[in-house]
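Take a look at the structure set out below.
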Amino acid sequence: MNHFTRRKFLAALASAAGLGELSLRQSVSAAMDAGHKPAPVSGAPAESAGYFTNRLRIPGASGLYAAVAAKDVKQITVSELNFEILPRVPSPLWAYVAEVGGKRFLNPTLLARPGDQIKLRMVNRLKQPTILHWHGLTNDERNDGFGNYQVGPGKSFDYAFTVRDRAANYWYHPHPHDIAGEQAYRGLAGLLIVKDDDDDKLSRALDLMTGVTDIPLVIQDRSFNFEGKLEYKLSRDQLPAGFLGEEILVNLTVRPYFDAARRIYRFRILNGSNARSYRLAFAQGTRLLDYYLIGTDSGLLEQPQKLRETFIGAAQRLDLLLDLREASGSEPVFLKSLAFDPMHNESVDEKSGKPAAGAMQGMGVMPGMQSGGADPHAAHTGGGLMDGMEMPLLQINIRSAPEYKRNIPSQLSRLPKLAAAAGEPRRLRLGHDGEGNWTINGWRFNMRETPVIVQRGTRETWLLQNNRASMPHPMHIHGFQFRVLERRDSPVQVKTLATRQNGLLPQDFGLLDTVLVWPGESVRIALDFSHPFKGDQTYMFHCHNLEHEDTGMMIGYKVKA
Amino acid sequence: MLHLVNPTERSNKVKSLLAIMMFAAASATTAFAHHEMPVPRSVQPQAPAAIQKVITGTGLIQQIDKERGVVTIKYGPLQELNMPGMTMSFLVKDKAMLSSLQPLRKVNFELTYDGSKYLITKITGASF
């Protein structure tokens with residue numbers, strides 16, 4: 001068809017353009033109006049009836065996310081299959097497939113207790129190399145699973161380890177060199193939930209039941225092509241910020257709703273997105289509900305912390321209690337991400353922290369609009385879902401009011417005593433090289449190098465300093481869990497959520513394996529490099545924005561025996 | 001592997017078309033093609049001479065406005081026009097056509113020129 005006809009088509013569309021303003025997500029404007037300040041809840045039209053039309057997928061007896069004892073799983077096959085993520089629209093999906101007792105599990109929720117022996121074979125049926133990483137677990141380097149151990153198509157890899165860590169919501173996902181982002185995006189991710197006596201006690205106290213009132217929520221942003229198939233595409237100018245999807249999925253359910261009772265629920269939340277952070281809140285109309293943070297990456301806090309909002313970066317987990325008795329009437333409650341400044345501040349002047357001449361920064365950047373400076377980094381969006389915009393994630397309908405008189409216990413668990421190292425910290429600066437590459441102390445990943453060497457059995461303080469000309473980086477360390485000692489120079493939207501103790505956020509009082517470090521911020525973390533593994537062990541320290549990881553924002557570090 | 005989309009690979013012609021289309025859509029909807037540029041008034045397209053043309057497409061519904069009779073579709077290439085896919089809003093000929101549709105459903109549709117504008121005259125759930 002010739003150009004002339006196309007022009008006519010376009011002209012005819014133009015003449016039909018008197019349709020008036022119609023935003024795909026009217027909450028875009030709410031986010032833009034919010035500027036850089038924490039925004040009030042605006043009751044976006046996406047929360048109106050008919051938007052959340054799909055029942056939330058909850059782990060059942062088999063299938064997606066179904067729970068199974070980890071020690072009963074002998075093989076996980078990394079598979080390409082078809083799956084209806086959108087109703088009645090099959091899409092290619094990559095999944096960890098296990099078969100136990102005649103049942104088939106996709107990305108099973110593996111259940112374990114401290115001391116359990118896990119022995120299983122990973123079989124790679126992809127057309128590219130892969131390796132499975134046990135995120136958050138203390139393992140020797142081989143069982144940790146990272147790129148140096150990746151296996152090619154048709155090959156397998158055997159894991160055998162003891163669960164040494166405290167009860168927590170761990171997870172597993174791919175960790176091959178350079179292609180972890182695509183593999184995780186296409187579906188490869190599952191939870192490993194370790195339970196112990198403290199966890200059991202809480203379940204009894206609140207009468208919680210797995211899959212009914214104790215529910216994992218895996219939040220991921222994804223894009224679909226015009227045929228409804230998962231699509232992973234980035235332009236070069238989008239790559240530095242990482243992938244941002246056009247839809248937010250919870251448990252691989254698009255626009256999900258959940259029918260609940262007026263009682264306490266436990267939500268074990270994993271931000272399984274490649275790059276996106278969320279500012280989580282529960283809202284009923286314009287009112288934010290209180291909720292309780294009870295655990296972080298590596299298990300229960302000592303005491304519950306009452307909150308109304310908190311950030312969660314990629315790969316982090318938050319364990320929350322929501323008491324729906326505090327909701328009024330029968331109006332739905334929404335789990336949502338409040339508007340925030342995503343701080344794509346790659347173009348600011350490093351010394352002053354002010355925007356470079358002609359550069360736009362921060363939130364409210366629409367597709368096609370880019371930083372005006374010469375900097376190669378350009379804040380971008382995923383379709384209509386800008387990074388940092390207000391968005392509802394899950395609709396919770398209150399359907400019943402059973403007899404329920406339980407209260408949240410004041411004491412949840414005991415954390416290992418925090419013992420910080422004396423002396424100067426090891427400094428690790430997060431930045432970029434001005435050529436589109438994110439770096440740690442100026443380093444980019446080289447699988448043959450371990451620029452950081454620590455001594456087994458010693459304690460260290462690491463000072464993670466993010467440049468002002470940067471963006472938020474969720475920094476993850478393999479092999480060891482850590483505590484946060486201090487946050488300094490946090491941006492206002494973070495500082496307003498901080499406690500009076502060393503600028504720490506409520507989640508900083510838990511054990512972590514991933515910490516979100518904002519532009520201009522300095523975060524001191526305490527590490528204890530004691531472990532039972534003989535010989536030198538090499539682990540990874542990297543940004544869990546998976547596109548950052550894939551493009552080199554990662555270093556190997558060696559624990560000398 | 002990252003599937004990088006290099007915007008410079010697009011021909012100027014397609015860029016220009018996108019730009020015009022973006023103008024066309026500007027007051028209708030939020031559209032999501034990247035790298036669009038504002039179009040000066042001097043290049044605004046003129047209303048076409050009367051043509052009767054039906055264009056068929058396949059896409060994923062993004063949003064439905066039943067009151068206004070508008071549906072936003074992320075559609076694939078329009079073969080008849082040799083046009084790349086994108087996301088746009090369209091008027092439907094009859095609002096009742098939207099009653100059985102839901103967001104994020106795959107549909108086949110027909111656009112028909114009525115002498116002054118293109119309208120969706122047929123839209124049905126797509127089979128696989």
At R0 = 22 Å, FRET efficiency that the Cβ-Cβ distance of A:I453 and A:H177 yields, to 0.05: 0.55
Using only the alpha carbons of the stretch A:56-194, what is the convex hull's orientation-averaged projected area in square nanometres? 8.1
Give me Rg/Rg_expected for the stretch A:202-400, where Rg uses Cα atoms only and Rg_expected = 2.2 N^0.38 Å with N residues. 1.13
Which of A:K71/A:K195; A:K229/B:K122; A:K127/B:K74; A:K233/B:K74; B:K66/B:K93 exceed 20 Å between C-alpha atoms? The answer is A:K229/B:K122; A:K127/B:K74
Could you work out how far apart the two model spin labels at A:D207 and A:N82 are, taking each label as a point 7 Å from the Cα in the direction of the beta carbon, and quote it in nm? 4.5
Antiparallel DSSP bridges in chain A: what percent, to the nearest 5? 75
Could you order the peptides B:110-123, A:475-488 from most to least packed, using the average number of other C-beta atoms within 10 Å per residue? A:475-488, B:110-123
Which FRET efficiency, nearest 0.05, do A:K127 and B:E110 yield, Cβ-Cβ r, R0 41 Å? 0.60
Relative contact order [Cα under 8 Å, 6+ residues apart], chain A, whole percent: 15
Short to long, in 10 Å steps from zero, the percent of alpha-carbon pairs of chain A per bin is 3, 18, 30, 28, 15, 4, 1, 0
Say R0 is 22 Å: what FRET efficiency, to the nearest 0.05, do A:R236 and A:N446 get from their beta-carbon distance? 0.45
Take peptides A:507-515, A:159-167, A:67-75 and line them up by average Cβ neighbours within 10 Å, highest first, as a rough protection proxy. A:507-515, A:159-167, A:67-75
Which of A:K201/A:K534; B:K53/B:K95; A:K306/B:K106 have a Cα-Cα distance over 31 Å? A:K201/A:K534; A:K306/B:K106
Amide proton proximity set for A:I76, modelled H, under 5 Å, gap of 5+: A:R121, A:M122, A:V123
Output row, site B:A96, 7 Å Cα→C-beta label point, backbone N cut-off 19 Å, window the stretch B:55-78, residues B:65-71
Working out 0.36 nm times the residue gap between A:A422 and A:R325, then minus their Cα-Cα distance, what length gain in nm do you get to one decimal? 30.2 nm
Exercise: per-residue mean of other protein chain Cβ atoms within 10 Å, B:88-96: 2
Given Cα positions, please report Rg to Rh for the stretch A:448-561, the hydrodynamic radius being the Kirkwood one. 0.98
Within the stretch A:56-194, percent of DSSP bridges classed antiparallel, to nearest 5: 70
How do A:M471, A:M122 line up, fewest other C-beta atoms within 10 Å first? A:M122, A:M471
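Read-outs: derived from the displayed coordinates by stated rules, not from any lab. Computed from a predicted model, the values in this text were never measured in an experiment. Please note: Cβ atoms are built from the backbone with ideal geometry, for glycine as well, and neighbour counts cover all protein chains shown.
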